[in-house]
Each structure stands twice: as C-alpha cells, then as structure tokens.
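First up is the structure itself, then whatever we jot down about it.
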Amino acid sequence: MTSDFYCDEVLSGRTAVDVVAETPDILAYHHTRPFWPVHIVVIPKQHVPSLTNLGEGDETLLHALLRVVRQVAAQVEAEHGKARVLTNLGDYQDSKHLHFHVNSGEPLR
C-alpha cells in the first residue's frame, strides 16, 4: 500500500484546508505544513499517481491541472515578485498522488 495524503485526507474531507482555487477537477490550497512562507499545493481531484504515471488520468486532466498551476503561480508571482513551481517523482514523492507545490520565499526549516 502506498501513501496518498491527498485522497485519504484532503479530498475525503478528513483534513480541512484553506482553499486558494478550485474547479470541478482541481483543488489548490495552502499547504497544511508549509516549508516556505508561501506554500500552495495544487492537486487533481481524481487519483493520478505522478507526472510520469497518469494512471487512469489523461492529458485533458493534466492540462486542467497545469491551467490552475499557472493561475496560482501568476498570483503568487504578482503578490511576491517571484514564485517556484515544483513536483516530485519516485522516491522524492512522499504522497503518491500527483501534486505541484507553488511557493515563494526561503525555506522555513
């Protein structure tokens, strides 16, 4: 069994989140344990294992996800003058659900 915080906690409603943007297929919210001063996570509402393994997802869902990532990144860049967009793969990916981090600032830890 693999860990999927996003399906198990966020999308199930077990963990409350502060929503930044939402579409019928995509959710963006402030990270529950931020690593950067500005730290937003963008996820598909459907389980998608990773960027390199879309599982039951498809290119249409990936495009919808990237539209929201772009929107959130543009907002962070406009507000803070800079932004990073990051996703992890393989052993770097703690939760096996495709997600992007949109962040700004120096690490808090």
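For the chain, modelled as a GNM with alpha-carbon contacts under 10 angstrom, which of S50, S95, S12 fluctuates the most?
Greatest mean-square fluctuation among the candidates belongs to S12.
Can you list residues from other chains, or at least 5 along the same chain, whose modelled amide H is less than 5 Å from the amide H of V38?
S104
If amide hydrogens are placed 1.01 Å from N in the peptide plane, which non-local residues have theirs closer than 5 Å to the one on I26?
K45
Could you derive backbone 3J(HN,Hα) for the stretch 38-55 from the dihedral phi with the Karplus parameters 6.51, -1.76 and 1.60 (θ = phi - 60°), listing whole Hz in sequence and x where the residue is Gly or Pro?
My calculation for the stretch 38-55 gives 10, 8, 10, 10, 10, 9, x, 6, 8, 5, 10, x, 6, 5, 8, 9, 6, x Hz in order.
Between (1) 262; (2) 192; (3) 105, which matches volume of the Cα convex hull per residue in Å³ calculated for the structure shown?
So the calculated entry is the one marked (3).
Every number here is computed from the coordinates shown, using simple stated rules; none is lab data. Because the structure is a prediction, the values reported are computed rather than measured.
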